[in-house]
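Enquirer: Quick one: structure below, then a few questions.
The values are calculated or read from the model by the stated rules, or taken from the named source; none is laboratory data. Every value quoted in this text rests on a predicted model; they were computed, and no experiment measured them. Neighbour counts are summed over all protein chains in view; Cβ atoms, including those assigned to glycine, are modelled from backbone coordinates with ideal geometry.
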Amino acid sequence: MRQSLCYVCWTDRQAVAALLRPIYTAASEPVARAALAAMAASPYAARYPDIVPMWDRHWEGLAPALQYPPEIRRVLYTTNAIESLNSALRKPLKARGHIPNDDAALKLLYLALRNIQQQWKAQPAKEWRAALPHLELLIGARLPDPL
């Protein structure tokens, strides 16, 4: 989605995003293909000719995600948790100007992860709570025990 919108001017972003949203939120692959065909038939496809071929090129990567329930898809395509974790790990390292050795850096990262886990226990993510029963059915014993 982000890559598609980088081709679009600011005034058309909402309209193009509204045309692309039914593709990745579709209930099945044929419905997503129909939504992509609707995007290809829209006037925005002529105005931004790189978007539809890009979705076609990456379809093999998108199609397996369409087989999962919407709760799991939301967990798959969101990067908020990853970006939040990276930010929380960078913060203690950036606050210190000099770290004497690798063990000191590992200790800082360990303490940061411990604090982050405590926050996760206090406020579990909504998406994960909805996706957990589906993940248990799909991968069963490979799912680690909750903290």
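Enquirer: Would you pick out the residues in the range 55-79 that are closer than 26 Å to T11 by Cα and either touching a residue at least 60 places away in the same chain (Cβ under 8 Å) or surrounded by 14 or more Cβ atoms within 10 Å (Cβ to Cβ) (or both)?
Expert: Across the range 55-79, the qualifying residue is only W55.
Enquirer: Pull up the range 4-25, narrow it to residues that are under 16 Å from V52 (Cα atoms) and among the hydroxyl-bearing types (S, T, Y), then point me to the one that is farthest from the chain's Cα centre (by Cα).
Expert: Y7
Enquirer: Being within 30 Å of P133 (Cβ to Cβ) and not assigned by TED's automatic domain parsing to the domain that holds A131 is the requirement here; does E29 meet it? Working first, answer last.
Expert: On the way: within 30 Å of P133 (Cβ to Cβ): yes; not assigned by TED's automatic domain parsing to the domain that holds A131: yes.
When the stated conditions are applied, E29 passes them.
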